[in-house]
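Worksheet: the structure to be examined is printed underneath.
Please treat every number below as a calculation from the coordinates, not as lab data. Since the model is a prediction, treat every value here as computed from it, not as a measurement. Glycine gets a Cβ as well: all are built from the backbone with ideal geometry, and neighbour counts include every protein chain shown.
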Amino acid sequence: MRRADRLIGIAQFLRSRRRAVTAAQIGAAFGICTRTVYRDIDALVATGAPITGEAGVGYVIDKAYYLPPVTFDSEEAEALALGISIVRQWTDDAFAAKAESALHKIEAALPARMQGDLQQLTTYAGPRQAPLPWDVPFSDLREAIRARRYLTFDYRDTQDRASTRQVRPLALVFFSPVWLLAGWCETRGAFRHFRLDRITGLVISDARFADDPTRDLVAYEAQLGEGT
């Protein structure tokens, strides 16, 4: 990898993380030693990248930092197109339309010689053969997650036991062929997953939940990590 590409990659890597990233983590991600990481961080700062932190603690970058447009090679473009085709088949029409729009933008950004390749993919997801196996409005769930609105719904577990739950929605997680709603269940006082095809009677509250570092997405992901 050229150093210029690696510098852009490191900046993107920092922007994608919610917490400080150590030099060792950056080095592992890019296959370089920590001394090279320090030099690359210094180079990024010299170009104006708003990176703060120090060796041994970790680095963060201002999320408002604008990165220059990126280019893709043919395999990267195909990987993105494959991901978009899966989104189109396994989400609702509104989100599928966003995926289609993203694909058009990616195609427009490619060199002319590669645009034809994107029209003749050898790796893709076929059309959905049946309606999505749930009635929960996918886009409404995404909006509730963004707006931090409480959800109330009826749920049947794997043993067909019914319960009513109040949940802080945190994320939608795809485990083919099902989608799960991940959240903090106020009813159970713990993080829980709920299959969308077992949710009925969904009500999205006008009430919004406040930030709570013990019940947010970072805490949820940390708990998942403890179980691995």
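If you plug each phi of the stretch 183-196 into the Karplus form 6.51 cos²θ - 1.76 cosθ + 1.60 with θ = phi - 60°, what whole-Hz ³J(HN,Hα) values come out, in order, with x for Gly and Pro?
So the Karplus estimates, Gly and Pro as x, are x, 8, 7, 5, 5, 9, x, 6, 5, 9, 10, 10, 5, 4 Hz.
Placing unit charges on C-beta atoms (Lys and Arg positive, Asp and Glu negative, everything else neutral), compute the dipole magnitude of the chain about its Cα centre in debye, rounded to 20.
Around 400 debye, computed over the chain.
With an 8 Å Cα cut-off and a minimum separation of 6 or more residues, compute the relative contact order for the chain in percent.
It comes to 13 percent, rounded to a whole number.
Given H placed on each backbone N at 1.01 Å, which residues far from residue 171 in sequence or on other chains put an amide H within less than 5 Å of it?
Answer set, sorted by chain and number: 182.
Computed from the coordinates I sent, percent of Cα pairs over 24 Å apart equals one of [x] 40; [y] 51; [z] 60. Tell me the label.
[z]
Taking 7 Å along the Cα-to-C-beta vector as the label spot, tell me the residue 163-residue 74 distance in nanometres, rounded to one decimal.
Reported label-point gap for residue 163 and residue 74 is 5.3 nm.
Hey, can you grab everything whose amide H is under 5 Å from the amide H of residue 191? Only 5+ residues off in sequence or another chain; H modelled, so Pro and N-termini drop out.
When sequence neighbours closer than 5 places are left aside, the close amide H contacts are 185.
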